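The values are calculated or read from the model by the stated rules, or taken from the named source; none is laboratory data. Just so we're clear, the structure is a prediction, and the values are computed from it rather than from any experiment. Don't worry about glycine lacking a Cβ; one is built from the backbone with ideal geometry, like all the others, and counts go over all protein chains shown. For the accessible areas, the whole protein counts, side chains as well, though only heavy atoms, and no ligand, DNA or RNA atoms are used. Shrake-Rupley method; radii C 1.70, N 1.55, O 1.52, S 1.80 Å.
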Amino acid sequence: MIETFSLSASREGSKSPAVSSVDLRVERGESCALLGANGAGKSTLMLSLVGLAPILSGRAEICGLEVAPKNLRGIRALAGLVFQNSDDQLFCQTVLEDVAFGVENLGVSRGESLETAREWLEKFSISGLADRAPHRLSEGEKKLAAICGVAAMRPEAMLLDEPSAQLDPRGRRELAELLNSLPQTKIISTHDMEFARSVCATAAVLDGGRLAARGEIGGILADRELLERCRLA
């Protein structure tokens, strides 16, 4: 479960809140779309949940553990973040090493980490990328490798920032099928309304850093006035 309590957070290096007084609860196993126009605060909220954006006031919890400096190792084991830009996440010489990196950081031996990475590359049907250099991958391949690296750590929750960006229609369909097969609690930030509908049962809408709506995704996407007011239509 992911929960925020009157959470206000800022972008790195800023003292002004990009997210203000957000109360949001995402239940265990729920897939929640985080919707909002550019600058609405979606990325800041996601980053704050893993301690990568400063929390100015209020608090956040992942599975009952407060997001605080003393708890960050535990928080990052519970919640895995997939960055919007895969180049921020893939930095090893090969995809296999990248997928193994997070697992090894959990205290697993090097040999076991590599074996786990191979198993997850197989689950994601991208074993052929194992020995490839990440910078030589297509954007879609990079995205799959980044998500695979987070999933291999077996977190309780996954936070995905614009996972369908730069994917073609087939890539979006395949990614939706993949995400639907993962059991974790998920918050999925996206501008893609149809993609959101295909992977999420619920949605939360941010507008100007504040929570503008929360509910079943069908009702949210059917509310034309809400979408227009929040610059989503």
The range 1-104 - percent relative contact order, Cα under 8 Å, separation 6 or more: 26 percent
Local electrostatic count, G39, Cβ distance below 12 Å [Lys/Arg +1, Asp/Glu -1]: +2
Accessible area (Å², per residue) of the chain, counting only protein heavy atoms and a probe of 1.4 Å: 46 Å²
Residue (of L49, F5, A100) at the positive-pole extreme of the chain, dipole from beta-carbon charges: F5
Estimated inter-spin distance, Q93 and Q166, nm [label 7 Å along Cα→Cβ]: 2.4 nm
MRE, 222 nm, helices only [DSSP H, n ≥ 4, -39500 (n - 2.57), over the chain, to nearest 500]: -10500 deg cm²/dmol
Unit charges on C-beta of K, R, D, E only; dipole of the range 27-92, Debye: 180 debye
Accessible area of the range 113-233 belonging to carbon and sulfur atoms, whole % at 1.4 Å probe: 46 percent
Theoretical FRET efficiency, 1/(1+(r/R0)^6), r = Cβ-Cβ of E216 and L65, R0 25 Å, to 0.05: 0.35
17 Å Cα-Cα reach of K123 towards aspartates and glutamates, excluding residues that sit fewer than 8 places from it in its own chain: E97, D98, E112, E115, D131, E141, E174, E177
Average Cα contact separation per residue, the chain, under 8 Å, 6 or more apart, as relative contact order %: 27 percent
Filter on K42/K186; K142/K186; K70/K143 - keep pairs with C-alpha separation over 22 Å: K70/K143
DSSP-loop trypsin sites (Lys or Arg not before Pro) across the range 92-159, with at most 14 other Cβ within 10 angstrom: none
Accessible area (Å², 1.4 Å probe, nearest 10) - K186: 10 Å²
FRET efficiency estimate (nearest 0.05) - Cβ-Cβ, R132 to D23, R0 45 angstrom: 0.55
Accessible area, probe 1.4 Å, largest first, for residues E112, E225: E225, E112
Simple label model, 7 Å out from Cα along Cβ direction - L52 to A37, nm: 2.6 nm
